[in-house]
1. May I ask you to verify whether B:Gly145 is open to solvent by less than 10 Å² (accessible area, probe 1.4 Å), within 14 Å of chain A (Cβ to nearest Cβ), assigned to a loop (DSSP other than H, G, I, E, B) and touching a helix residue (DSSP H, G or I) at 6+ places or on another chain (Cβ under 8 Å)?
2. Please note which helices (runs of 4 or more DSSP H) are completely contained in the range C:185-283 and include at least 3 residues that are open to solvent by 30 Å² or more (accessible area, probe 1.4 Å).
3. Would you check which residues across the range B:82-98 are in contact with a Pro (Cβ under 9 Å, 6 or more places away or on another chain) and more than 7 Å from chain C (Cβ to nearest Cβ) and list them?
4. Filter the range C:672-683 down to the residues that are surrounded by 21 or more Cβ atoms within 10 Å (Cβ to Cβ) and within 14 Å of chain B (Cβ to nearest Cβ) and list them by number.
5. Do you know which of the residues in the range B:1-20 that are of a type outside the set (D, E, K, R) and within 7 Å of another protein chain (Cβ to nearest Cβ) is least open to solvent (accessible area, probe 1.4 Å)?
6. Can you tell me which residue among C:Pro719, C:Pro647 is of a type outside the set (A, V, I, L, M, F, W, C), open to solvent by 20 Å² or more (accessible area, probe 1.4 Å) and under 30 Å from C:His63 (Cα atoms)?
7. Select from the range C:88-121 the residues that are open to solvent by less than 20 Å² (accessible area, probe 1.4 Å), among the small types (Gly, Ala, Ser) and under 21 Å from C:Ala139 (Cβ atoms) and list them in ascending order.
8. Taking the residues in the range A:217-236 that are at pLDDT 95 or above and more than 14 Å from chain B (Cβ to nearest Cβ) as candidates, determine which candidate is farthest from A:Leu319 (Cα to Cα).
Amino acid sequence: MRPFDYMRAEDLQAATEAKGNGATVIAGGTNLLDLMKLEVMAPERLVDITRLDLHNTERTSGGGLRIGALVTNSDLAANPDVRRNWPVLSRALLAGATGQLRNKATTGGNLLQRTRCYYFYDTAMPCNKREPGSGCHARTGFNRIHAILGASDKCIATHPSDMAVAMRALDAEVEVQGSGGTRRMGLDALYRLPGDTPHIETSLAEGEIITAVILPPPPTAATQVYRKVRDRSSYAFALVSVAAVVAMDGARIREARLAFGGLGPMPWRDGEVERALEGQEPSDALFDCASDILLRDAQGQGSNDFKIPLARRTLKAVLREVTRTEAPA
Amino acid sequence: MQTTLKINGESWTLDVDPRTSLLDALRHHLDLTGTKKGCDHGQCGACTIILNGRRINSCLTLAVMHDGDEITTIEGLGEPGRLNPMQEAFVRHDGYQCGYCTPGQIMSATGMLDEVSQGWPSHVSASLEGDVPLSREEVAERMSGNLCRCSAYPGIVRAIRETAGEVSE
Amino acid sequence: MNKHLKMDAPQKRVLDETAQGTLGRPLDRPEGPLKVSGRAAYSAEYQLPNMATGVLVRATITHGRMTSLNDEAVRGMPGILGVFTGERFLRNPAQGGAGKAPVQGASEVAYLGQPVALVVAETFEQARHAAQQLRPTFAGEPADTHPEHAAQVDRPDKKQLDQGDVDGAMQAAAASVDVVYTTPPHSSAPMEPHASVAEWQGDRLILRGSYQMLKYNKKELADAIGVAPENVRILSPYVGGGFGSKLGIAPEAVSAALAARELGRPVRVVMSRQQVFEGTMRRSETRQRLRLAVDADGVLTALEHDARVSNLPGESFSEPVQQATHFLYRGENRRHENEIARVHRTCAGSVRAPGEAVGMLALEAAMDELAEAAGIDPIELRKRNIPDTHPENGIPYSARSLAECLDEGARRFGWGQRDLRPGQRREGEWLIGIGVAAAARPNILSDSRARVTLREDATALVETDMTDIGTGTYSVLSQLAAEMLGLPVESVEVRLGDTDLPPAAGSGGSWGASSSGSSVFLACRGIRETLARRIGCGAEALTLQDGVATGGNRRETLRDLLAEGSIEVEGHIEPGETAKEVSQASYGAHFVEVAVSAVTGEVRVRRMLGVFAAGRILNEKTARSQCHGGMIWGIGSALTEEIAHDPRDGHIVNRDLAEYHIPVNMDVPDLDVTFLEERDDHASPIQSKGIGELGISGAGAAVINAIYNACGVRVRDYPATPDKIIAQLAE
């Protein structure tokens, strides 16, 4: 770990200023310190924001939920309002990491965690995300945990969060504070696809800090499910995960919001999948059609080819569950 | 950097390199070596301590971030001759073999039971609301952040459930 | 006084006659309170005055030479005391029991991740950063890294067997299987990373290290650094798990010793978790071919078990895949072909149950396939094939309770309700099945010494350089001494892990408890003879219980008998003819129930039972824990554990505990373990056999067999991760 100057921000302005001047923000630290110990990340300055007043979760005037960026994953998962009204978010949080990590990891930090790509983590290996232009060693290497959607020839890393997958399905927005004031954006706008610049992962500007996540009001009469498939029964990253928020209108699907983990460089969502489902009567054929759409551009990299059938199977099972459709005999 | 930590009820002021993890501050600077380093990356749980009432991995935080914070380590629970009930249950149920992950298991179990008493659900809870029955499965899921390569898991689960009053032996 | 026994003949069951009633009981570990309170000190935890900290640096090429250390910039960094490398650095740890240094010389690189230098600084933070900044230069050479594409493949004569006519028997078979199984490399991954604190006291090195077999480690370390063995003392009173990875002296110890000598101050070196994966032993991957044939009675007529494993060029160790196959089943026509591919990957060595841990994954799954092919119940097939005499050398067996283990397990597990056809039980999306496999592990007795002192106050002190790596040595030695000397177990103190004490067998190969236990037994027998003389009776007539001696119509307290002085005896057990005259092994049977998700292919173990017979059980609690450990390793090898090597440079890609998946608590159901009463008079004077590796033997195969019974998918490429299940499982 490289030496750094440590400063504790007493207020948000000091924090955004420090970040604008090149400091790296530390909150829970569960991923940043992990990476700093390996010198995958080597900031010269750290600004500690843990004592800022961003620890509250409260209803917005419009009936949504404003989650402070420093709310821990544990507190968010255990929040009674979240458990009752946004259960997919609790479920996703509880499917991730461990009790100890969730007690430390924060909402903002969870969104901004880096990929778990083995080659990103090993400074002796080429990695365009860590060292732009050095190459992607994962594409031709061991890539069991890598992306099948949204990757580029420069980077095939996945985003490892469970929480963010549920948030994406819930149409969450992040509130961002910078020197120029506050702005809000959806997760689709927060995250960037790797393209030719996999080292640029978000659209946050230099001095911007995530201050909150805003959930819209709870979906009405919707079934919410988070399903995670992994290599051991606990404490493993998703091979595939599906967050589903689906509402029925009689025998037909009124609204479907589906997000996916383990498949792409960001929590994945595909509007065409949802449009294919909405207004339709659930059936295995329909679910196959939705899976076809989701996976139309899917590309395996060798060791992760299995994610294509696994994603199909998992999506179909989740759709059966939320629409209470029997599997064909 | 000067930092004051309240550990097991005692105040310690130390002057550390800002890079010092809370774990290394305990082990290298305060000679509190009961807290173990198994991976240094939050992947094994051997370094689990209780920070301001919550179990965390002490390897993944900096000592300087915890000025004024309250920390409980394994040394604060009990010592030979005066073990606490959880420690005694671990001995009775052989919830360890080599002993290296054990302090982390016990600290984690201690923090975990507090989480259960607050009604926190887990990944395996059938419902997100209501009381949590401390089944074998609930304990196992909530303790999955503490690896044990000797694989003393059956004894660990029994020791915890007995301490929580779920089963009597 | 010395009491020596060479195990040349079966021994009388003295311990069935003693009166204390302590041995075998499920007593708590005497060191337990220290462990659960964080007071047991492991090697990195000795804080010596003026101690410096070293961090190892790895090679970043696969094969070639380090051309320059390139250390100028690093030497100027804050707190740096030195950068060390050289011809005495270890390339990899010594193999178990080597007794001499392994391959040395940091300038030659044999695998990516090899330790090549040590950066020492005042603090850990300074040393770690400097080590990360040190960028030695290397000149690479071409290297084979994949065992299936290696140019050099050795086929040592002594590792081949061809007996009878396997091909003919296969052709004439009533039923047969010819299948290939593969197993991936494994890592021991003990929770305590390898750690050493080196301190020179004049010409003598004191090393606090985390090691399993101290009498060998002392010689290995002395040889590596170029001093006489008597000038090395190793202390390992607590070892945070070993599982083979701490059998031989490792790079951190040697580099710490060299740096400490150079700097004139103590040096601590702890491997990072990544370095433990890369720089200590891995278990080799295997490709195994099984050809099994039975006649119309279900009796094996052919048993061929071939293997390809790998190791670095020049390493003599190769995974002994057929270790249990040799003696477990009938089959007069037999063949074992062994190939060792030479590859530039992390050194292969002993990982818990070398041989059986992977050999039984293949053999016991193939037996399940054979049972189906022959239309015979898998338990019945195994029982029909228990040999009368060793099928390769004709010697008889010592105590062997395999059939009893299978029967008892079948009864307890409800085997009779099993539907032989796969895919018959379903609960929602979960397909349920059960499976069985046999367990076997050869018994080894190893030279071991211990000193026992019965002190004037009627307490005993047991001293040996034996280690307790979690295996229960403190427990079983104190119980043995208490039993033999008629003392409450609290009156026995056991000191371990110090090379200044009598040299023991060490912890490895499941021989630790029997071997060190036999030496304690012998020492106590010597003490009993002295006590008998003092009370005036023959040794046979002496009864010792609760500190009171009875014999020859006299009854005396031990304190009175000891008034004329304490008694000190060194016991020494040596293996002998019984090791060759009979086939000795521990046996068992595993029963597993799994649930397989028909959607995702995820597997959950729901029930698991192990029935074991391993001679006399010395402490039922610690023995049970050893079996739990083995069975859970079996779950890991069946479902989750796999080292992934990079296809281009051979380095270990998943070199941490987030991506190398050892089982977590949630992967493990409540396990049931039953021991069958057994005595093995040929094994040792205490009639016990090894148990530390028995539990893993066959356990993973039982899981795989249960998966097949659940869903009809036969995974022959371990581990059975979801991708491999869904590849064969209709949606």
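The values are calculated or read from the model by the stated rules, or taken from the named source; none is laboratory data. What you see is a predicted model, and the numbers here were worked out from it, not measured in a lab. Positions of Cβ are generated from backbone atoms using ideal geometry, with glycine treated the same way; all protein chains shown enter the neighbour counts. In case anyone asks, the SASA skips ligands and DNA or RNA and just uses the protein heavy atoms, side chains included. Shrake-Rupley method; radii C 1.70, N 1.55, O 1.52, S 1.80 Å.
1. The answer is yes for B:Gly145.
2. Counting at least 3 such residues, we get C:214-225, C:251-263.
3. Listed by number, the residues that qualify are B:Glu88, B:His93, B:Gly95.
4. C:Val673
5. Here the answer is B:Thr20.
6. Result: C:Pro647 is the single residue among C:Pro719, C:Pro647 that is of a type outside the set (A, V, I, L, M, F, W, C), open to solvent by 20 Å² or more (accessible area, probe 1.4 Å) and under 30 Å from C:His63 (Cα atoms).
7. Passing the criteria: C:Gly105, C:Ala106, C:Ala110, C:Gly113, C:Ala117.
8. Looking at residues that are at pLDDT 95 or above and more than 14 Å from chain B (Cβ to nearest Cβ), I get A:Pro217.
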